[in-house]
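Worksheet for the structure shown next.
The values are calculated or read from the model by the stated rules, or taken from the named source; none is laboratory data. Just so it is clear, the structure is predicted and the values come from calculations on it, not from any experiment. Virtual Cβ from ideal backbone geometry, glycine too; neighbours counted across all protein chains shown. The protein model used for the area step is the full one, side chains on, heavy atoms only, and it has no ligands, DNA or RNA in it. Shrake-Rupley method; radii C 1.70, N 1.55, O 1.52, S 1.80 Å.
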Amino acid sequence: MAEIADRKDQVPDGVLSGRSRHEVDSGFDAVRFVHEALPDLDHHKIDLGADFLGRRLKAPLLTSAMTGGPARAEAINARLAEAAQHLGIALAVGSQRAALEEGGAAGLDMTLRLKAPDTPILADIGAAQLARGFGVDEARRVLDMVAADALVVHLNPLHEACQPEGDRDWWGVGAALERLVRSLDAPVLVRETGSGLSASTARRLADMGVAGLDVAGTGGAGWALVEGGPAWSDADTRHAQAFADWGLPTARAIVEVRQACPRTLLIGSGGVRDGVDVARALRLGADMVGQAAGVLAAATVSTEAVVTHFQTIIRQLRTVCFCTGSASLTALKNAPLQPQADGSRSPAN
């Protein structure tokens, strides 16, 4: 299984190079708030707090999964954990498959919890493994590895279909996922990996009893291409490139999943660029907003760079609240939106 770690080591380069950028945007630019020129608010007193997995966060943000055992992952994970603790936001680690199967946690161990004692930490494993013997015992090991608050099961069928050695037999994965959700004594969330969750799939997952959904729509990194590189044949590359515009834009996915699952914890991620996009995602129906590729450059530098990155996003989110007359995130979710340029309603209306 050493090839898993080697392949994962290419992820940061694939994201930072820009070669994996999805050709379909997130859809956030179609969402425009009505500007409030006379806000009766104190900018500094706007409440950006959010409850998540039994913990109170200072802002509704999490670093989304992106690293899962590469040689550089230990430093990246440590910086993200330290920044999350400092900022009062959540942390979702990358796939722990390599750490589980090969040993060598690459920072995905108790040192992560020690760096972020008050932070909600989400463990992660791939759905394809559920049909290959991965069950409650393995899930508990993954949770215990980082003292996680919840387990995330990621759905990546396009990713697996494009990898030369990908797991393409998904027969029975849905049934195995439902068994895990109903048997594990910890919350299970499900996320896509850049192609978006449809309303029907979200409803199916909610009926299984999942604790939350991350739509992870198009607009950010196209994970079908992220791990491509010199090791791929020309045929593999051509196959993957045909799917550069595949999937559901994040904004649309948030709206449709929220309509289908009105009471389910919903995370919006995929192409989130800044605090204005965070506000848009929240207005469309997300409870939390994740960012992966957007913070990776900072995470390769230092904890301070990650803190600065998210402080800017939080400041931007606060300014959106200020300029929409929203004293809290609850108020922001009802802030008026402008009609679209063609006169149609904005997505959330």
Rounded to the nearest 10, the angle in degrees between the Cα long axis of helix 73-87 and the longest principal axis of the Cα atoms of the chain comes to 30 degrees
Expressed per residue, the solvent accessible area of the chain in Å² (1.4 Å probe) is about 41 Å²
For L184 and T312, extending 7 Å from Cα along the Cα-Cβ vector and measuring point to point gives, in nm, a value of 3.4 nm
In degrees rounded to 10, the 0-90 angle between helix 275-284 Cα long axis and the longest Cα principal axis of the chain is 90 degrees
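Tell me, Kirkwood radius of the chain from alpha-carbon pair distances, in Å? Intermediate results must be reported in sequence, preceding the final value.
Numbers: mean 1/r = 0.0496 Å⁻¹.
20.2 Å is the Kirkwood radius here.
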antiparallel share of DSSP beta bridges within the chain, to nearest 5, in %, is 15 percent
If unit charges are put on Cβ atoms (+1 for Lys and Arg, -1 for Asp and Glu) and the dipole of the range 27-98 is taken about its Cα centre, the option from A75, H86, P39 lying farthest towards the positive end turns out to be A75
So, over other residues within a Cβ distance under 12 Å of F134, counting Lys, Arg +1 and Asp, Glu -1, the net charge is +1
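Between R140 and D236, what length in nm is gained on full extension when 0.36 nm per residue of separation is reduced by their alpha carbon distance? Kindly include the intermediate steps, with their values, before the conclusion.
Details: separation 96, 0.36 × 96 = 34.56 nm, distance 3.53 nm.
In short, 31.0 nm is gained.
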For the pair H43 and K333, the simple spin-label estimate (label points 7 Å beyond Cα toward Cβ) gives in nm 2.7 nm
Check: C-alpha center the range 293-329 vs C-alpha center the range 121-200, spacing in Å is 29 Å
Under the helix-only model (-39500 (n - 2.57) for each DSSP H run of 4 or more, divided by the residues of the chain), the mean residue ellipticity at 222 nm, to 500 deg cm²/dmol, is -11500 deg cm²/dmol
Within the range 246-260, the residues whose backbone N lies under 14 Å from a label point placed 7 Å from the Cα of W170 along the Cα-to-Cβ direction are 247-248
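Per the 1.4 Å probe, what fraction of the accessible area of the chain, in percent, lies on carbon and sulfur atoms? Show your work: numbers first, answer last.
On the way: 7300 of 14460 Å².
It is 51 percent, rounded to a whole number.
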